[in-house]
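See structure below.
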Amino acid sequence: MKQPREVFLEYLRKRGLNMTPQRAAIVETFLESEGHFSSEELCGRARKLDPAIGQATVYRTLKLLVESGLAGALLAGEGPTLYEHSYGHAHHDHLVCLECGVKVEIVDPEIEKRQEELAGAQGFTLTRHSMVLYGLCPACLKRMGGRTLDA
């Protein structure tokens, strides 16, 4: 398996793009960051390497990281888009609590198989996918006395 930086450099070359110093600092920061994080959080971390890095540069670089397959984007309800590593990491889906925002990674081979079957029945070949299930975590449900947000 290729190193993530090598994958990103190849992706840039194929598109006629260069690895600028700011882009390199953002990519380095991304690769060192674990878990789920927003573009704003990544920008704050990257500014420790280069205080001149702007939010727009972070947005554009994250878009390239997602397109290259190094990053995954998670639309977590009402909040900002969150990013995480995807290259070299096992695929997983997410449960997101609409009350407190907690995110739980889930893996289910049966769901994965069914998604492939559903896509195939429509003539699709999946290249990537994301499934996010929204609800209430046990702690929030207990705190709300068992009432859901709809009640």
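No value in this document is a laboratory result; all are computed from the given coordinates. Since we're looking at a predicted model, the values are computed, not measured. Note that we place each Cβ from the backbone using ideal geometry, even for glycine, and neighbour counts take in every protein chain shown.
What Kirkwood Rh does the chain have if only Cα atoms enter the pairwise 1/r average? Answer in Å.
For the chain, inverting the mean 1/r across all distinct Cα pairs yields 17.4 Å.
With +1 assigned to the C-beta of every Lys and Arg and -1 to the C-beta of every Asp and Glu, and no other charges, what is the dipole magnitude of the range 1-91 about the Cα centre in debye, to the nearest 20? Kindly include the intermediate steps, with their values, before the conclusion.
Working: 11 positive and 11 negative charges, 88 e Å.
The dipole of the range 1-91 has a size of about 420 debye.
Of the residues Ala121, Ala52, Ala90, which exhibits the maximal mean-square fluctuation in a Gaussian network model of the chain defined by a 10 Å Cα contact cut-off?
Ala121
Over the chain, with a Gaussian network built from C-alpha contacts below 10 Å, which listed residue (Leu136, Leu74, Leu42) shows the highest mean-square fluctuation?
Leu136
Across the Cα atoms of the range 1-89, what radius of gyration and what greatest pairwise Cα-Cα distance (Dmax) are found, in Å?
Rg then Dmax for the range 1-89, in Å: 12.3, 36.
Hey, which lysines would be in cross-link range of Lys2, C-alpha to C-alpha under 20 Å, not counting anything within fewer than 8 residues on its own chain?
The qualifying lysines are Lys14.
Taking +1 at the Cβ of each Lys and Arg and -1 at the Cβ of each Asp and Glu, which of Leu82, Leu42, Tyr59 sits farthest along the dipole of the range 1-98 towards its positive end, judged by Cα position relative to the Cα centre?
Working it through, the farthest residue towards the positive pole turns out to be Tyr59.
For the chain, modelled as a Gaussian network with Cα springs under 10 Å, which listed residue fluctuates most, Gly120, Gly35, Gly79?
Gly120
For the chain, what does -39500 (n - 2.57) per DSSP helix run (n ≥ 4), summed and divided by total residues, give at 222 nm, in deg cm²/dmol to the nearest 500? Mind showing how you got there, number by number?
Values: 6 runs with 64 residues, N = 151.
Counting only the DSSP helices, I get -12500 deg cm²/dmol.
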